[in-house]
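This report concerns only the one structure given below.
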Amino acid sequence: MPGANVEQTVKSLQRLREPIIFCKALSRSCETTSVRTDSSVPTPLSEHELFQKFVYKIALVCDNQLSPDSITAVSVMEDDDVYWFLFACNKVTHEGGSLVAEHIISLLRVVRDGASQDVSSTVMRHKMLERILLFNRPNVQRYIKWMIYWASDLWDAADQALGKDAQLRERICKVVSCVYISDLDQSTDEEYLESCFASFRAMGLFLKGLKTFPSGPFGKKSSWGELKHCFSRLHAYRDAANCIADAATRWPNLFEHFKVHHVPSSRPKSLPTGKRSYTSHDIVGRMSNDSSEIRVLREKAASFLRCGLDEAIEQEAKKAKSLNVHCEVLLEDWIAHSPEAKRLSFFRGGQGWKYIGASKPTCRLCKYYFAAKRSDIALRPSHENLYTNWLFPESHGSKNTPQGRQWQTTLNSFMQMIRDDAIRMLNERTAHWKKHDSNTYATPSVRSIPSEAALIAPGYGRKQRVLVSLPSRAKVAVIKEEDMEEGGVKLK
């Protein structure tokens, strides 16, 4: 009788989480101010990079909730008959996964049917964008509201620089007055789409002719950063529609015979409810086998106690009520171990195109997992955040089998990477964080939208004055976007 698969014990789960909790707490209790700038110069993408963009853009338009639960990963594989579009979400039900599958199928069919019916590229892209906007309506509406709020906030600031630039002031006015925001939630699908395209037009007018996005001397710096983030997120949906349509001209076979397969989310693993005290002294004591190193690390950790390190550790430990395997790891695990996957190969895998693309940049823990497995599957660049609800996947073999031994080796390597991070942070005595998990946002901010905001437009435009009950981000998103933990702390 074969032995049971290796399982993560309560003790091993706690040992795995401890350095993650420690890193997050250290970052939050001793934050430093850091402004992230994007100095990269856009360069033409190779065919391989265009394919990767196509894959993660599909994932992006499936992530329709401002919550970590709906974060989606996609990969493209093939067998002798069809192309497989595999996807997994962090935490969705079977019914939720079916809705995502239907959405992907509908987008692929728009391209396929458009080609067979000789539909113009413009019409096909517009139809695809409409479907994307409708599926992602909860997110899109929030970004439209926030866009108008931050634009209104800049207008109300009566900034000197803004007052001197009549053209910029007029552009802000167009954004503020682009839609009847108070009617957005109750609008029909047709009215909602009209509001979306009105917002796109206002964005286009604002950005037209601008060499750089306003910041610094213009009004409230954080408001400009938030407005830029909203523009970026809304533009991402239109860019996704164009990217998927462009893929049809490069790889038309992908859209002719395809199958969409949902890899189920993991079962949430509950954390033990017993009382367990987390302190920096105890956690650091389990980071090394060298007693002299432990002594030095404990001395360093003690210097952070005045910053409230132990209190922050306790808070981080209580945040996650259950653990889930992230979507990138779910896909890799299914591809590596599912009997159904044995007959599949990655699309152009022999050319180095093995890829899993997610709707958000890869977290640091997923990056470390793939590194620990020595996987040759490429991922999106990491935003370097940590999540205390991250779950290491279960083993597919018993302790003395090759699968069980490989699982244990991967786990040991992974844990060492996290412990090395914690030790490095202690030695460097620095930590950085970033608010948005999106790589389209370049200006950190610590502001939050208030629970109610009065959006007042100037005396022209589509409306005079609109009072809007705008939910706070915590209410809109269930969890704040800057603390989607579930959280996320960027380590440098």
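For this structure, a couple of remarks:
- Under a 5 Å amide H cut-off, with hydrogens placed 1.01 Å from N, Phe347 pairs with Val76, Met77, Glu78 among residues at least 5 apart or on other chains.
- Ranking of Lys318, Lys91 by count of other Cβ atoms within 10 Å, fewest first: Lys318, Lys91
- Relative exposure of Ser359, Ser182, judged by other C-beta atoms within 10 Å (fewest first): Ser182, Ser359
- Net +/- balance of residues flanking Ser375 in space, Cβ distance below 15 Å, scoring K and R +1, D and E -1: +1
- Taking the inverse of the mean 1/r over every pair of distinct Cα atoms in region 298-424 gives a Kirkwood hydrodynamic radius of 16.8 Å.
- Residue order, fewest to most surrounding Cβ atoms within 10 angstrom, among Tyr180, Tyr278: Tyr180, Tyr278
- Highest to lowest packing among 236-246, 143-153, 49-59, scored as the average C-beta count within 10 Å: 143-153, 49-59, 236-246
- If you sort the three axes of the alpha carbon gyration tensor as a ≥ b ≥ c, you get a/c under 1.5 for region 43-138, which makes it rounded.
- Cα principal axis extents for region 98-150, largest first, Å: 44, 28, 8
Taken together, the values in this text are just the output of simple stated rules run on the coordinates, not laboratory data. Just so it is clear, the structure is predicted and the values come from calculations on it, not from any experiment. In this analysis, Cβ positions are derived from the backbone assuming ideal geometry, glycine residues included, and neighbour counts consider all displayed protein chains.
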